[in-house]
Amino acid sequence: MLDGAVKRVVVRPRKSRTKAEKEDEEEVLVIEGIEFDRSLPVKFDVYVNDVDDVMGGPDTAEFAGSFANVPHGQRRGSSKTMKTGLNLGISDLLEEVGADDDDSVVVTLVPKFGEGQITVQGIGIKLQG
């Protein structure tokens, strides 16, 4: 439940990739099982930080993206609960925060709307090419 900022240490699939490897495969942050009432507006921002800088505060974290739901008319009989996911490319971002050689990074989810109305099942990183 996102009832405030949530930080998780997320293990990367590989560290210290070559330039050619980075061009072939994007490192993707995967947020799975985002569940919410689709009749409500919800939004959260995603930040990524080097594990060594986690105590530095939000000003040292890099913005990776956002998830948002804007409610609109629903069909009769349809479920109000929606479950989905979010994928964000983060290869360049990892270089910017100096985490390219790290085994893991800190991912922070910060609710903006619908605090306490969103649940997330998992956060991971995969290579996609």
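Restricted to strands (runs of 3 or more DSSP E) entirely inside the stretch 5-56, those with at least 3 residues that are touching a strand residue (DSSP E or B) at 6+ places or on another chain (Cβ under 8 Å) and surrounded by fewer than 19 Cβ atoms within 10 Å (Cβ to Cβ) are 6-11, 26-37. Listed residues Phe63, Phe44; which is modelled with pLDDT of 90 or more, in contact with a Lys or Arg (Cβ under 9 Å, 6 or more places away or on another chain) and at negative phi? Testing whether each residue is modelled with pLDDT of 90 or more, in contact with a Lys or Arg (Cβ under 9 Å, 6 or more places away or on another chain) and at negative phi leaves just Phe44.
The values are calculated or read from the model by the stated rules, or taken from the named source; none is laboratory data. Keep in mind that what you see is a predicted model, and the values were worked out from it rather than measured. Neighbour counts are summed over all protein chains in view; Cβ atoms, including those assigned to glycine, are modelled from backbone coordinates with ideal geometry.
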